[in-house]
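So the structure is just underneath, and the comments pick up after that.
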């Protein structure tokens, strides 16, 4: 029987292997794997609040803020005050940000293809489901004591 310790170490090893390969892939472009994930999340929406972005990429607010400041300085994203919530910030990709993301997406295609060669299609679907279950099981308890990974809805930007 597999122990929880072995399971946790295997998940960490898999994550770190993918993270290192992705960082190496993007190093010459000055973008990290984590920044790529953030840019990717922004391609799925016209604009997101910083809080929504934190939830979508599974990172902490301080790390996301630091990445946003860096990416904003490079002209890849823009942050603006939320139209109805003065405390919130809306984040969107700039034209330059979209171009950089497309370039990185194309550049990382061989890495994604290599990852997928490890699985048959039905295994990939099963693994994805299992990883979602791990994320849900490990999510911090909500205020009602239940664990949830479902994002709270924030007003649109």
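Structural remarks
- Among the residues making up segment 1-58, those that are closer than 21 Å to residue 131 by Cα, at pLDDT 95 or above and in contact with a strand residue (DSSP E or B) (Cβ under 9 Å, 6 or more places away or on another chain) are 38, 41.
- Of the residues making up segment 124-134, those that are surrounded by 12 or more Cβ atoms within 10 Å (Cβ to Cβ) and either in contact with a strand residue (DSSP E or B) (Cβ under 9 Å, 6 or more places away or on another chain) or farther than 13 Å from residue 14 by Cβ (or both) are 124, 126.
- For the criterion of being assigned to a helix (DSSP H, G or I) and surrounded by 12 or more Cβ atoms within 10 Å (Cβ to Cβ), residue 55 passes.
- Condition broken by residue 75, with the remaining ones in (1) assigned to a loop (DSSP other than H, G, I, E, B); (2) surrounded by 12 or more Cβ atoms within 10 Å (Cβ to Cβ); (3) at pLDDT below 95 satisfied: (3)
- Here 14, 47 are screened, and the one residue that is surrounded by fewer than 17 Cβ atoms within 10 Å (Cβ to Cβ) and within 27 Å of residue 139 (Cα to Cα) is 14.
The values are calculated or read from the model by the stated rules, or taken from the named source; none is laboratory data. If you're wondering where the values come from, they're calculated on a predicted model, not measured in any experiment. Here the Cβ is made from the backbone with ideal geometry for all residues, glycine too, and neighbour counts use every protein chain on show.
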